[in-house]
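The values are calculated or read from the model by the stated rules, or taken from the named source; none is laboratory data. All of these numbers come straight from a predicted model, not from anything done at the bench. Neighbour counts are summed over all protein chains in view; Cβ atoms, including those assigned to glycine, are modelled from backbone coordinates with ideal geometry. All accessible areas refer to the heavy atoms of the entire protein, side chains included, with ligands and DNA or RNA removed. Shrake-Rupley method; radii C 1.70, N 1.55, O 1.52, S 1.80 Å.
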Protein chains: 2
Amino acid sequence: MSRKEIVFRIATRADLPSVVRLLADDDLGSQRERYEDPLPESYYAAFEQIDIDPNHELIVAELNGEVIGTLHLMFLPSISFQGGLRAQIESVRVDTQHQSQGIGGEMIKWTIERARQRGAHIVQLTTHRSRQDVHRFYERLGFVGTHLGMKLNLI
Amino acid sequence: MSRKEIVFRIATRADLPSVVRLLADDDLGSQRERYEDPLPESYYAAFEQIDIDPNHELIVAELNGEVIGTLHLMFLPSISFQGGLRAQIESVRVDTQHQSQGIGGEMIKWTIERARQRGAHIVQLTTHRSRQDVHRFYERLGFVGTHLGMKLNLI
């Protein structure tokens, strides 16, 4: 596999089934996603909101015309840090058949550079506490696990 | 002090100096904020972005006409969870003179209810790992510290 063939770009509506396939393809995702044909309309409704909002970018990694990775990059205006812009990464996935090939690292590095160009002063993300392999992955990219990520499910 | 006098509402531009005063009034905040008169323009620029975006709400707690608390509530559209809406809380502060009186708890409960009414399926936040008192505060409100919050400073 040649690294040169990987393209990172903003997802289009046509990519949505591939993105949902990636989101559904892990233990947690398989319980909470519905990768069906056609996709449930709620996915398209969310895509439209993301697509029209310049502060949200759904990113895909494409290899030889196939979507093999995704993440959601968001820019969060904030009063803190003298009105500084935050970047946040959510929903990171690489196709299981293409893992451990450095693709995730390339995708995150590309995203960090994009956040820097946009003027963000920080990139933040959360990852499950049990996933120490993932913590090391992000530490190698420069992230520091200073915070506890707390969640409250409403439904 | 009567609890009935506390009002939670969306901040106006006129509240911004009070919000910045609260953000600046702790160890970390004092290093990274500039609470000056007039406020640096970057604060107003960020406020305008937040104010025009229906997915962002800068909240203040007002007691007898004085701003004594603040937080930033944001709604994040997402493809994951079948296109489910996330709510996120950032930049939570209560005036040091009004702490330990339950005001923070009331403010978070009010915010959770607001997120629920908007249809968010989750409320998420991060807090510094060293602040175990803060972890217990959020746990009492139903939050679970399942995640590691990782940050990469770009400047």
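Would it be correct to say that B:Leu22 is at pLDDT 95 or above, in contact with a Lys or Arg (Cβ under 6 Å, 6 or more places away or on another chain), in a helix (DSSP H, G or I) and under 17 Å from B:Leu73 (Cβ atoms)? Judged against the criteria, B:Leu22 is a match.
Within the range A:52-83, the set of residues being among the aliphatic types (A, V, I, L, M) and closer than 24 Å to B:Glu48 by Cα comprises A:Ile52, A:Leu73, A:Met74, A:Leu76, A:Ile79.
With respect to B:Ser30, determine if the residue is more than 30 Å from A:Leu23 (Cβ to Cβ), open to solvent by 20 Å² or more (accessible area, probe 1.4 Å) and at pLDDT below 95. Answer is yes for this residue. Considering (1) open to solvent by 10 Å² or more (accessible area, probe 1.4 Å); (2) among the aliphatic types (A, V, I, L, M); (3) under 13 Å from the mean Cα position of the chain (by Cα), the lone condition that A:Ala24 does not fulfil carries the number (3).
Of the residues making up the range B:83-119, those that are more than 10 Å from chain A (Cβ to nearest Cβ), open to solvent by less than 40 Å² (accessible area, probe 1.4 Å) and in a helix (DSSP H, G or I) are B:His98, B:Ile103, B:Gly104, B:Gly105, B:Met107, B:Thr111.
For the range A:35-47, filtered to residues that are facing chain B (nearest Cβ under 10 Å) and without any contact (Cβ under 8 Å) to a residue 12 or more places away in the chain, the residue that is nearest to A:Ile103 (Cα to Cα) is A:Ala46. Cβ contacts < 8 Å: first residue over 21 Å from A:Glu5 (Cα atoms) and within 11 Å of chain B (Cβ to nearest Cβ), restricted to the range A:55-81; second residue open to solvent by less than 10 Å² (accessible area, probe 1.4 Å) and of a type in the set (Phe, Trp, Tyr), any location; separation 6+ or different chain. Result? Filtered contacts from the range A:55-81: A:Asn55/A:Phe75; A:His56/A:Phe75; A:Ile79/B:Tyr43; A:Ile79/B:Phe47. Scanning the range B:131-154 for residues that are at the interface with another protein chain (Cβ under 7 Å from one of its Cβ atoms), within 16 Å of A:Arg129 (Cβ to Cβ) and either acidic (Asp, Glu) or part of a strand (DSSP E or B) (or both) yields B:Val144, B:Gly145, B:Thr146, B:His147, B:Leu148, B:Gly149, B:Met150, B:Lys151.
Just so you know, in the range B:1-19 the residues that are modelled with pLDDT of 85 or more and assigned to a helix (DSSP H, G or I) include one that is nearest to the other protein chains (Cβ to nearest Cβ), and it is B:Val19. Inclusion of B:Leu125 among residues that are within 7 Å of chain A (Cβ to nearest Cβ), in contact with a Lys or Arg (Cβ under 7 Å, 6 or more places away or on another chain) and not in a loop (DSSP other than H, G, I, E, B) is not warranted.
For the range B:134-155, a tally of residues being open to solvent by less than 80 Å² (accessible area, probe 1.4 Å) and of a type in the set (D, E, K, R) returns 1.
Say whether the condition of being farther than 17 Å from B:Pro77 by Cα and in a strand (DSSP E or B) is met by at least one residue in the range A:42-59. No, the conditions are met nowhere in the range A:42-59.
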